[in-house]
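Report on one structure; see the data block that follows.
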Amino acid sequence: EQIFDYIFSHLGLNTDGYIDHPVVLTEPVCNPNYCRQQMSELLFECYNIPQVSYGIDAMFSLYANHDRMEDINSLIVSCGYQTTHLLPVLGGRLDASQCRRINLGGYHLETFMQRLLQLKYPGHFAAVSLNRAEELVRDHCHLAPDYNADLHEWVSNDYYDDNVHKIQLPYTNAPGNQLSAEQTKERREQQIKRLKEVTAKRRLEKLASEEQKLQELMSIQELLEDEDDDEAFDRALQNTSFDTPEELQSEINRLTIAIQRNRAKVLGIELPPAEEPKKQTVYDLLEIPDDQLSADQVLTKKKQRMLKNAREGRLRAQALQIEKRQKVFHYSSVQRSDATGRC
């Protein structure tokens, strides 16, 4: 109803309460009677029109261009905005059973044109809008009767120079910088301040995460100091990404140094000096009998034995891996040599 109000008002039909003119409406091919009934009800009851006639726009065009209806035998290609219809006409009458619809129309051509231009001119991606592509298709494109022949003509430079269309996109001057030197300086300082606030917030979040991780690793290390919880320590170590107590201790040391440095940056104080490289672990209590050691030394000796066994186990595993890789490499070399000899 709103569309009809708009149409009738722009046609100058300003009669109050009725439209005293016959109306011709176009409709799709094989339009259901229900849709036509709803349209007729709207026109007759809302606008009180005297007569209405329905028809297909392509058939109207065909009848308008031929004098004798009974001699018309043709195939109509009706290109719409969303679809394309193929309409066979025999003896002046539409063969509705042989009509076909293709879901390809002007909208798809315009979208394809827009994408081609955006890919070819990425610098004007935003300027090549769908409305501008629609204007180019409507004003500068044509339907080629023979596409291959038309494409062959465009190979010629002379034909290209005579038929090419050059389009100038609207040019707008970029707004100049109207800020004074003091305003520019103040804006820069505000940006630096916001950047510092964001950096400080991220540093605090990272510091909290590292402290939480350090607490978890320290709780696992405390199990190692308890003589009765060796099995609990092994289970807790398996749940982590560390294979040996040495790796656990190394990660604890690294986190401790990182937390100290991050905390110093947050507080704005001078960073602590870097620690000296860690010395090699010395197992000086393993050869001394237990009866000659104190209780603390016996506990330290137990830790040294566990660390030494873990280190030796890791070294043995690394040696086995190296030996395995060497065997595989030697076997592959032999196969390549045999293959070369056969060739």
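The values are calculated or read from the model by the stated rules, or taken from the named source; none is laboratory data. Just so it is clear, the structure is predicted and the values come from calculations on it, not from any experiment. When we count neighbours, we look across all protein chains shown, and the Cβ atoms used for this are built from the backbone with ideal geometry, even at glycine. With ligands, DNA and RNA removed, areas are computed over all heavy atoms of the protein, side chains included. Shrake-Rupley method; radii C 1.70, N 1.55, O 1.52, S 1.80 Å.
Looking only at region 64-86, count how many residues are open to solvent by less than 50 Å² (accessible area, probe 1.4 Å) and more than 29 Å from L42 (Cα to Cα).
Total satisfying the criteria: 3.
Would you confirm, using the coordinates I've provided, whether Y121 is of a type in the set (S, T, Y), under 30 Å from C30 (Cβ atoms) and at pLDDT below 95?
no
Do we have any residue at all in region 243-258 that's at pLDDT below 75 and open to solvent by 70 Å² or more (accessible area, probe 1.4 Å)?
Yes, region 243-258 contains at least one residue that is at pLDDT below 75 and open to solvent by 70 Å² or more (accessible area, probe 1.4 Å).
Please find, among S61, S97, S53, S40, the residue that is hydroxyl-bearing (S, T, Y) and open to solvent by less than 50 Å² (accessible area, probe 1.4 Å). Spell out the reasoning first.
On the way: S61 fails: open to solvent by less than 50 Å² (accessible area, probe 1.4 Å); S97 fails: open to solvent by less than 50 Å² (accessible area, probe 1.4 Å); S53 fails: open to solvent by less than 50 Å² (accessible area, probe 1.4 Å).
The unique qualifying residue is S40.
Looking at region 75-88, I want the residues that are in the same structural domain as Y107 (by the TED database) and at pLDDT below 95 and have a partner that is surrounded by 14 or more Cβ atoms within 10 Å (Cβ to Cβ) and aromatic (F, W, Y) with Cβ atoms under 6 Å, at least 6 apart or on another chain. Which pairs are those?
Y81/Y107; Q82/Y107
Per-residue answers, yes or no, for (1) at pLDDT below 75; (2) of a type in the set (A, V, I, L, M); (3) assigned to a helix (DSSP H, G or I):
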residue: P273; (1), (2), (3): yes, no, no
residue: Q297; (1), (2), (3): no, no, yes
residue: M306; (1), (2), (3): no, yes, yes
residue: L315; (1), (2), (3): no, yes, yes
residue: L320; (1), (2), (3): no, yes, yes
residue: Q335; (1), (2), (3): yes, no, yes
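Could you count how many residues in region 145-176 are part of a loop (DSSP other than H, G, I, E, B) and either modelled with pLDDT of 90 or more or exposed (fewer than 10 other Cβ atoms within 10 Å of the Cβ) (or both)?
16
Which ones in region 1-27 are open to solvent by less than 80 Å² (accessible area, probe 1.4 Å) and touching a residue at least 40 places away in the same chain (Cβ under 8 Å)?
F4
So, in region 79-128, exactly how many residues are acidic (D, E) and in contact with a helix residue (DSSP H, G or I) (Cβ under 6 Å, 6 or more places away or on another chain)?
Of all residues in region 79-128, those acidic (D, E) come to 95, 110.
Those left that are additionally in contact with a helix residue (DSSP H, G or I) (Cβ under 6 Å, 6 or more places away or on another chain): 110.
Matching residues across region 79-128 total 1.
Taking the conditions exactly as written (hydrophobic (A, V, I, L, M, F, W, C) and free of Cβ contacts under 8 Å to residues at least 24 places away in the same chain), does F60 satisfy them or not?
no
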